[in-house]
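Participant: I'd like to ask some things about the structure below.
The values are calculated or read from the model by the stated rules, or taken from the named source; none is laboratory data. The model shown is predicted, which means the values in this text are computed figures rather than measured ones. Here the Cβ is made from the backbone with ideal geometry for all residues, glycine too, and neighbour counts use every protein chain on show. For the accessible areas, the whole protein counts, side chains as well, though only heavy atoms, and no ligand, DNA or RNA atoms are used. Shrake-Rupley method; radii C 1.70, N 1.55, O 1.52, S 1.80 Å.
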Amino acid sequence: MLALGVCRKWWPARYRFRMTVEAETPAGARSGSSVMEVSAYKRFALTSEDRSGGGSFRAEAVVVDLPSGPVFVLPTLLGPTGYLGARATEALLPDRKMGSIDGYVAAVTELGSGKRYEATLPRADWPLMVRFRDIGDPTTVEAADPETAGIRRIRLETTADPVTTGVEKRFPPWFLELLHSKARFNGKHSIGVSSHDLADNLSPGAFSTEIGK
């Protein structure tokens, strides 16, 4: 039993899904997609009440090239509503109870079985979307309103494709410079964030879990 518990911790259940963001523009339909990975495990139970566990989320922003410029759909939710990996899991298995770590691990295991699952991500669970007034200046980052941008739907489908990488190629050199210096988009390195300004709250790491590895 101990061996099985350790295996569950170190070899978690996992699955990948492709998130496709669709938009309608005066120039026609546009879309972008990114493959993300969810993992989950239950820790070895030291007591009968132990229901703890953990996991990880590997993801990169979806880039939708619109006539007015690219919109970056971050792998980050708006507000205190959990995280995108959990919301995607719930959308793909809407009838599954996931109120416990056991239920969540079972759901992730099922989604990683190789069977195809598809869903539409509910509007309430859409991630943060941003754009830059000037892509050459990181301080010009601003929230992108989905309605104004023409975003109409976010589709999810399980896949065996590798996790998407390379978002840094969409930016000028400042992106990697800020990544390597561990600075936010306004150039600050302090731990404390003193405002709600996006440039003071976002860093390159918000666009991908994979860069810098």
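Participant: List, please: which pairs have Cβ atoms under 6 Å, are six or more places apart or on different chains, and start with a residue in the range 186-202 that is closer than 21 Å to LEU77 by Cα and end with one that is not hydrophobic (A, V, I, L, M, F, W, C) and not in a loop (DSSP other than H, G, I, E, B)?
Facilitator: VAL193/ASP200; VAL193/ASN201; ALA199/THR139
One line per residue, one yes/no per condition, for (1) more than 20 Å from the chain's Cα centre (by Cα); (2) of a type outside the set (Gly, Ala, Ser):
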position	(1), (2)
ALA107	no, no
LYS115	yes, yes
LEU121	no, yes
ASP134	yes, yes
VAL141	no, yes
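Participant: Within the range 80-105, count every residue that is without any contact (Cβ under 8 Å) to a residue 40 or more places away in the chain, part of a helix (DSSP H, G or I) and more than 18 Å from the chain's Cα centre (by Cα).
Facilitator: The number of residues fulfilling the criteria is 1.
Participant: In addition: Mind listing whichever residues of the range 51-69 are out of contact with any Asp or Glu (no Cβ under 8 Å at 6 or more places or on another chain), closer than 22 Å to THR20 by Cβ and outside any strand (DSSP E or B)?
Facilitator: Selection gives ALA61, PRO67, SER68.
Participant: Right, another one. Anything in the range 95-113 that is modelled with pLDDT of 95 or more and open to solvent by 20 Å² or more (accessible area, probe 1.4 Å)? List them, or say none. Working first, answer last.
Facilitator: Restricting attention to the range 95-113, the residues satisfying the condition of being modelled with pLDDT of 95 or more are 107-113.
The answer is THR109, GLU110, GLY112, SER113.
Participant: Yes or no: ILE191 at pLDDT below 95 and in contact with a strand residue (DSSP E or B) (Cβ under 9 Å, 6 or more places away or on another chain)?
Facilitator: Numbers: at pLDDT below 95: yes; in contact with a strand residue (DSSP E or B) (Cβ under 9 Å, 6 or more places away or on another chain): no.
Spelling it out, it is not the case that ILE191 is at pLDDT below 95 and in contact with a strand residue (DSSP E or B) (Cβ under 9 Å, 6 or more places away or on another chain).
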